[in-house]
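The values are calculated or read from the model by the stated rules, or taken from the named source; none is laboratory data. Computed from a predicted structure; not experimentally measured. Positions of Cβ are generated from backbone atoms using ideal geometry, with glycine treated the same way; all protein chains shown enter the neighbour counts. Ligands, DNA and RNA are stripped out before the accessible areas are found, and what is left, the full protein with its side chains, is counted by its heavy atoms. Shrake-Rupley method; radii C 1.70, N 1.55, O 1.52, S 1.80 Å.
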Amino acid sequence: MIGWDTETELIRPGKQIPDLVCLSLSVGSNPEDCGLVSWRDAGCEAASLLEGPNVGANTPFDLAVLGEAFPQFVPLIFESLSAGYVHDVLTREKLIDIALGQYNRHSGPFKGYSLAAV
């Protein structure tokens, strides 16, 4: 399983998807298997990670960033989603809470869905 995240420019008014700065990757628990890939080289890495199981947080945003930066990969993004390769830990936690009847932002304490909370 490959863990990944996009790092972007700041979100600006009028621009829904910010520009990609770099891609962070984690291929395992060994620190040597983790690193940053510049936006110039991120296309090759993005194509590779979408061809197999991968995990992220706020992945819909990250996929939009990749699709904006590399429009040629939009079909691959949808193929990866259809194949069940993309796993998002925050979305999954929300869906589990919804299924258990525990997702309610308006009554009771709201636990939040940051990586720290999840």
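Tell me, what is the FRET efficiency for VAL21 and LEU76 to the nearest 0.05, using R0 = 22 angstrom and their Cβ-Cβ distance as r?
Efficiency for this residue pair is about 0.55.
Would you tally the net charge around GLY56, using a Cβ to Cβ cut-off of less than 9 Å, leaving GLY56 out, and scoring K and R as +1, D and E as -1?
Once all neighbours under 9 Å are counted, the net charge is -3.
Taking N as the number of residues in the chain, what value does Rg over Cα atoms divided by 2.2 N^0.38 Å take?
1.15
Within the accessible area of region 17-88, what % is carbon and sulfur when the probe is 1.4 Å and the other protein chains stay in place?
In region 17-88, the share of accessible area belonging to carbon and sulfur is 58 percent.
Averaged per residue, what accessible surface does the chain expose to a 1.4 Å probe, in Å²?
Normalised by residue count, the accessible surface of the chain is 64 Å².
Have a look at the DSSP beta bridges in region 11-117 and tell me what percent are antiparallel, nearest 5.
60
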